[in-house]
Amino acid sequence: MALLDDLREKTMKGKRKETGPLVQQALDEGMDPQEILDAMIDAMGIIGDRFTKGECFVPEMLVAARAMNAGTEILKPALAAGGTEPLGHAVIGTVAGDMHDIGKNLVRMLIEGKGVEVDDLGVDVAPEKFVEYVGAHPECKVVCLSALLTTTMPSIDATIKALADAGLRDNVKIMIGGAPVTQEFAEEVGADAYTPDAGSAAAKIVEFF
Amino acid sequence: MIIIGEKINGSIPKTGAAIAAKDEEYIRMLARTQTEAGADYIDCCASVNEGELEVEEWLIGLIMEESDLPICIDSPDPQVCVDAMKFCGDRVGLINSVSGEGNKMDIVFPVIADTKWGCVALLSDDSGIPPTAEGRIAVFEKIMAKATEYGITPDRLYIDPLVETLGANSESLITFNECVKYIKEKYPTIHITSGLSNISFGLPVRKMINMPFLVLAMNAGMDSAIMDPTNRDMNGVLHGTLALLGEDDFCLDYIEAYRDNLFGPINRD
């Protein structure tokens, strides 16, 4: 599988101009779209692990994710035609009052890399928005909340309470993260999981499907 | 950024001693370490009173064996510079240097005219370093006129506007940058270089002057430096500045240089 090794390598190195053509070549050679996707998912997994160990840096994750996106754009029609199902559905957002998005985006990219379909509600997302989304999307099984400021951490609490008040809390698992967030805080607000970085978030989320 | 590695220069005491002792291994080590540290050219200056050309031949031979990089032939004597070109085989390098002084250009420019060789040009003349930017720009115009006459295109020229010691002239950088901006605006493809460590001569903790000089001069348009590429502090500042100036997409070159251990803590565990 030299071609897929090449695709894996190019994805890891963030060569977005090369991943698309490699995916196309793999499809042309009749390879299984799922297998092609798995090669890129592998690559993101390796990058995520390296990031967790401090061996690679934020921009390298960004370019790798971008390279994978370039590949999946080509792959999407084939995946849809083959009826390949995503691992599951999740929603992600930075909580109310908080405009930070780099960490949230990294988590989204790595989660997508695990084959999860993720809707990204963006930054400064009010609790009601999450409630509305979860109510409208019964297929969504995980809610990922990000907060980068001690002053916006209470919005995590408020979001979880809003989901509970709407009777939706038991429909989803809630994962939280962000620089000031801790395991202790997660327990305090009744989140299902806290992860300290993007790589571990991606590793954790698969347990919820 | 084009880095001309400065360490093989007989005026540096350790290198001078190695040249006097014909210490091949030391010269080879300098060529190797500067190459590994990401230099683009290896400067080669014998800095001896007698037999300069023979020493240049010996040095260039060692560099050629140890490194694939082109040579920057460095001598105050332009005739030695052009005579030493033949030791470089088909490796196209740089002559370091001409200036508005004497007949330097008349010796060098005709020889390199129909080649791809580049040339460092200092903005000084027979009366020394003009104190004002206007004075240096006048020398520059003279050099450009001569280069044009010989069909030497701006991209082959490495203009060194020269830095005076900051301790003696507090406007040193200001004057330097005025020249840089003027020249770069007029000839966008020309290179600006600097043997920058002179800026801090006579001051304590010289890197505290050298590093911000590099940043400020790069911000003005300097795109080359004659420096020690193995200096980790300078390397870090250099790569950080390139990233800040928008010349390094996603900071990937910065990260690569860090990973190549060109700057940052030496021991990483």
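At-a-glance table
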| read-out | value |
| --- | --- |
| Where a residue in segment B:242-265 is free of Cβ contacts under 8 Å to residues at least 60 places away in the same chain and at the interface with chain A (Cβ under 10 Å from one of its Cβ atoms) and its partner, wherever it lies, is outside any helix (DSSP H, G or I) and crowded, with 19+ Cβ neighbours inside 10 Å, with Cβ under 6 Å and at least six apart | B:Y254/B:D248 |
| Top-ranked residue in segment A:80-101 [being more than 19 Å from the chain's Cα centre (by Cα) and under 21 Å from A:H137 (Cβ atoms); ranked as modelled with the lowest pLDDT] | A:G83 |
| Every residue from segment B:117-167 that is surrounded by 18 or more Cβ atoms within 10 Å (Cβ to Cβ) and of a type in the set (S, T, Y) | B:S124, B:Y158 |
| Segment A:36-92: number of residues that are among the hydrophobic types (A, V, I, L, M, F, W, C) and within 14 Å of chain B (Cβ to nearest Cβ) | 11 |
| Residue ID - nearest to the chain's Cα centre (by Cα), chosen from residues in segment B:19-38 that are part of a helix (DSSP H, G or I) and surrounded by 21 or more Cβ atoms within 10 Å (Cβ to Cβ) | B:Q34 |
| Test: residue in segment A:173-186 that is surrounded by 14 or more Cβ atoms within 10 Å (Cβ to Cβ) and assigned to a helix (DSSP H, G or I) | yes |
| Unique residue being modelled with pLDDT under 95 and among the hydroxyl-bearing types (S, T, Y) when the list is A:T159, A:T151 | A:T151 |
| Candidate set from segment B:226-240 (those that are crowded, with 21+ Cβ neighbours inside 10 Å and out of contact with any Gly (no Cβ under 8 Å at 6 or more places or on another chain)); member that is nearest to the other protein chains (Cβ to nearest Cβ) | B:H239 |
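Here is a yes/no grid of residues against (1) in contact with a Leu (Cβ under 9 Å, 6 or more places away or on another chain); (2) under 21 Å from A:G199 (Cα atoms); (3) assigned to a helix (DSSP H, G or I); (4) assigned by TED's automatic domain parsing to the domain that holds A:P77:
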site: A:V23; (1), (2), (3), (4): yes, no, yes, yes
site: A:A26; (1), (2), (3), (4): yes, no, yes, yes
site: A:Q34; (1), (2), (3), (4): yes, no, yes, yes
site: A:I41; (1), (2), (3), (4): no, yes, yes, yes
site: A:I46; (1), (2), (3), (4): no, yes, yes, yes
site: A:G54; (1), (2), (3), (4): no, yes, no, yes
site: A:P59; (1), (2), (3), (4): yes, yes, yes, yes
site: A:L62; (1), (2), (3), (4): yes, yes, yes, yes
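The values are calculated or read from the model by the stated rules, or taken from the named source; none is laboratory data. No experiment lies behind these values; they were computed from the predicted model shown. Please note: Cβ atoms are built from the backbone with ideal geometry, for glycine as well, and neighbour counts cover all protein chains shown.
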